[in-house]
1. Of the numbered conditions (1) surrounded by 19 or more Cβ atoms within 10 Å (Cβ to Cβ); (2) within 23 Å of the chain's Cα centre (by Cα), residue 58 fails exactly one; give the number of that condition.
2. Exactly one of these conditions fails for residue 35: (1) out of contact with any Phe, Trp or Tyr (no Cβ under 6 Å at 6 or more places or on another chain); (2) farther than 20 Å from residue 3 by Cβ. Give me its number.
3. Regarding residue 217, is this residue among the small types (Gly, Ala, Ser), in contact with a helix residue (DSSP H, G or I) (Cβ under 9 Å, 6 or more places away or on another chain) and surrounded by fewer than 24 Cβ atoms within 10 Å (Cβ to Cβ)?
4. If I ask for residues that are more than 25 Å from residue 102 (Cα to Cα), assigned to a strand (DSSP E or B) and out of contact with any His (no Cβ under 8 Å at 6 or more places or on another chain), which ones from the stretch 279-314 would you list?
5. Only one of these conditions is not met by residue 9: (1) in contact with an Asp or Glu (Cβ under 9 Å, 6 or more places away or on another chain); (2) surrounded by 14 or more Cβ atoms within 10 Å (Cβ to Cβ); (3) on the phi > 0 side of the Ramachandran plot. Which number is it?
6. Kindly indicate whether residue 71 is surrounded by 14 or more Cβ atoms within 10 Å (Cβ to Cβ), in a helix (DSSP H, G or I) and of a type outside the set (Phe, Trp, Tyr).
7. Considering every residue within the stretch 311-329, establish whether at least one is surrounded by fewer than 19 Cβ atoms within 10 Å (Cβ to Cβ), at pLDDT 95 or above and either on the phi > 0 side of the Ramachandran plot or in contact with a Ser or Thr (Cβ under 9 Å, 6 or more places away or on another chain) (or both).
8. Checking residue 173 against (1) in contact with a helix residue (DSSP H, G or I) (Cβ under 8 Å, 6 or more places away or on another chain); (2) part of a loop (DSSP other than H, G, I, E, B), which test does it fail?
Amino acid sequence: MKKIRVLIIDDSAVVRQTLVEILQSDPQIEIMGTAADPYIASERIKEEVPDVITLDVEMPRMDGLNYLKIIMSQRPIPVVMCSSLTERGSETALKAIEYGAVEIILKPRLGTKQFLEESRIRICDAVKAAAQARVRPIQERAKTPQPKLSADAILSKPSSHAMLRTTEKVLAVGASTGGTEALRVFLEAMPADAPGIVIVQHMPEGFTRSFAKRLDGLCRINVKEAEDNDTVIRGRALIAPGNRHVLLKRSGARYYVELRDGPLVSRHRPSVDVLFRSAARYAGNNAVGVILTGMGDDGASGMKEMKDAGAYTIAQDEATCVVFGMPNEAIKRGGVSIVLPLNEIPLDAIKHSH
């Protein structure tokens, strides 16, 4: 199998060296080269075009955002933004996604052995997802081997009897690579009185708050980063905070969310599988499940559990996905009621939540 060739662009020699060590630990990835700034990188790309670029957000001489615009307008290459946890950094990284970057990773930093191992999994997976992503030139971009744990690690399987139908419906949504833009399209189409929505988007901690804030300014519904015990109500979407699992729970007629730590599930925290399993258990046929663009299979098992519990489930189609991995896995496992292009999903979800 052809290895994924990566060019690392970062002004910090320490970060460059750390990324080299992390990425080289994966047998599917090899390092094409490193560059301290975009000018050096451009010379390197003239000689050989990498499969994926990791790009620092804040650099001297030319910042990552401007360089990304140049790449995406001249010769689109899948780009993974490598950001520190600063507020400015997270806002810039989110803007980079709009300009065509496919993933955001946190700059590797020292931590416990477990932290470093999880960081390695996330960084390698982000690069592999980027290698599969369909990138388009900027003007075309429509405005619109660790042990793999299952959701059992967080919540036991739902019992077979689905809940009786009540008046309130809940939308449970999962997304990964390409999902930030897909979610913008999905949420912008929601009416002000849309059913309560709970979302897992794979994203590093510290970015989900900026992401929710940005969406809140664009949508008719209220969008916020989920906090423990937040009520799931009409006209509001809750986005799982990076690095915490989110579960849908029910107390009487009230739906609310619970945030939990715990291991990576299906290689992620938050995990779509955990959210979908909790929706199967606590909402049953009062839930509508939506799985959007993303690499891997997180959410595929959980969506099957939702469907078995009586929920209506929707997968994004291949043509509109940046990466068709997650929806495709859910379809293959028989967990999907219908496959639709992204722009048709919001209306269908609303239709089935009345």
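1. (1)
2. The single condition residue 35 does not satisfy is (2).
3. no
4. 287, 313
5. Evaluating residue 9 over (1) in contact with an Asp or Glu (Cβ under 9 Å, 6 or more places away or on another chain); (2) surrounded by 14 or more Cβ atoms within 10 Å (Cβ to Cβ); (3) on the phi > 0 side of the Ramachandran plot leaves (3) as the failure.
6. So residue 71 passes the test.
7. So far as the stretch 311-329 goes, no, none of its residues is surrounded by fewer than 19 Cβ atoms within 10 Å (Cβ to Cβ), at pLDDT 95 or above and either on the phi > 0 side of the Ramachandran plot or in contact with a Ser or Thr (Cβ under 9 Å, 6 or more places away or on another chain) (or both).
8. Result: residue 173 fails condition (2) only.
The values are calculated or read from the model by the stated rules, or taken from the named source; none is laboratory data. Just so it is clear, the structure is predicted and the values come from calculations on it, not from any experiment. Because the Cβ atoms are built from the backbone with ideal geometry, glycine has one as well, and the counts that use them run over all protein chains shown.
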